[in-house]
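Every number in this text was worked out from the coordinates using simple rules, so none of it is lab data. Quick caveat: nothing in here was measured; it's all calculated off a predicted structure. Cβ: placed from backbone, ideal geometry, glycine included. Neighbour counts: every protein chain shown.
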Amino acid sequence: MSTQFKTVGIIGKYGDPGIAQTLSTMASFLTDRHLAVWLDEETARTVPDLGLDTATRDELGRRCDLAVVVGGDGTLLTVARNLADYDIPIVGVNLGRLGFLADISPKTMLDVMENILAGNYCREERFLLDACIERNGHILHESKAFNEVVVHKWNMARMIEFEIHVNDLFVDVQRSDGIIVSTPTGSTAYALSGGGPILTPTLNAIALVPICPHTLSNRPIVVSGDSRIAIVVGDCKADHAQMTCDGQTNLDLRDGDRILIDKRPKPVCLIHPAGHDYFQILRAKLRWGSKRE
């Protein structure tokens with residue numbers, strides 16, 4: 001057996017006691033193979049009787065060389081942001097429907113983990129976005145996004161207006177319900193619902209997808225992943241617009257705010273089962289027709 005992974009952190013879906021059996025099975029499997037196993041502190045509050053040592057997310061990042069996430073894509077998104085500053089690969093066990101990120105079934109997870117521990121797996125690096133809100137020349141908020149950064153209206157049934165700049169070059173002034181700035185990972189999430197293109201996961205590109213634009217000729221565009229994107233909010237009343245990251249972090253915006261978005265220098269590493277096929281996941285998830293014999 002490979003000795004690459006010696007200390008494993010386990011993180012479960014927040015507030016879901018239904019993950020207990022899967023967590024227990026995974027923990028027993030790992031400890032039986034003489035690996036050090038740490039349980040996420042928040043997960044331990046939901047499932048308190050596993051008898052494992054617990055640690056915060058930061059401590060897991062410093063101590064572990066593998067993170068096992070039990071939940072779904074939403075849980076994995078959160079964990080990816082939490083562990084973004086640490087060189088720790090993440091493997092996802094999906095307890096819901098077929099996931100794009102958490103792609104291991106509980107029924108096969110022990111066989112897959114056996115292969116992973118033996119060094120038989122696919123390793124994939126994906127980038128995140130750094131987003132900050134600049135107000136009156138000062139950085140007000142900073143956040144990370146694995147899927148997308150969204151500038152959008154809220155709390156009122158009217159459009160917002162904003163400027164878009166890429167690498168200090170003016171793109172346009174847009175009136176719409178908002179805009180989605182998506183990584184390749186996020187191109188199969190909200191951006192896809194907005195009519196954006198699917199970007200293969202390792203592509204160095206960012207998609208800018210308008211949400212219900214007032215001008216019907218306004219279409220999604222794809223720019224280099226190394227671009228700096230600036231969105232300047234205009235015609236924005238109080239409680240009228242927000243910046244949202246991965247649908248999980250919400251920050252209020254005001255008229256004149258600048259949202260600055262860059263690729264995060266350090267990528268996140270995902271581990272998939274051997275023979276991982278992204279296009280097979282697309283076919284299954286999006287119900288595309290299969291190849292005929």
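The figures follow:
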quantity: Residue of A118, A84, A20 that the Gaussian network model of the chain assigns the largest fluctuation, springs spanning Cα pairs under 10 Å; calculated: A118
quantity: Residue among L270, L169, L208 with the largest mean-square fluctuation in a Gaussian network model of the chain, springs linking Cα atoms under 10 Å; calculated: L169
quantity: Cross-link pairs K153/K285; K107/K285; K13/K107 - those with Cα-Cα distance over 25 Å; calculated: K153/K285
quantity: Candidates I281, I179, I88: whichever shows maximal mean-square fluctuation once the chain is modelled as a Gaussian network with Cα springs under 10 Å; calculated: I281
quantity: Partner aspartates and glutamates for K6 [C-alpha distance under 16 Å; skip if fewer than 8 residues away on the same chain]; calculated: D32, D53, E59, D65, D87, E114
quantity: Helix-derived mean residue ellipticity, 222 nm - over the chain, DSSP H n ≥ 4, -39500 (n - 2.57), to 500; calculated: -5500 deg cm²/dmol
quantity: Beta bridges per DSSP with both ends in the chain, % antiparallel, nearest 5; calculated: 75
quantity: In nm, spacing of pseudo-spin labels at D53 and C212 (7 Å Cα→C-beta vector); calculated: 5.2
quantity: Burial ordering of C269, C64, fewest other beta-carbon atoms within 10 Å first; calculated: C269, C64
quantity: Those aspartates and glutamates that a straight Cα-Cα span of less than 12 Å connects to K144, excepting residues fewer than 8 apart in one chain; calculated: D85, D130, D246, D262
quantity: The chain: angle of helix 20-32 to the longest principal axis, Cα-based, in degrees nearest 10; calculated: 60
quantity: Rounded to 10°, Cα long-axis angle of helix 73-82 versus longest principal axis of the chain; calculated: 80
quantity: Gained length - N120 relative to V223, 0.36 nm times residue gap less alpha-carbon distance; calculated: 33.6 nm
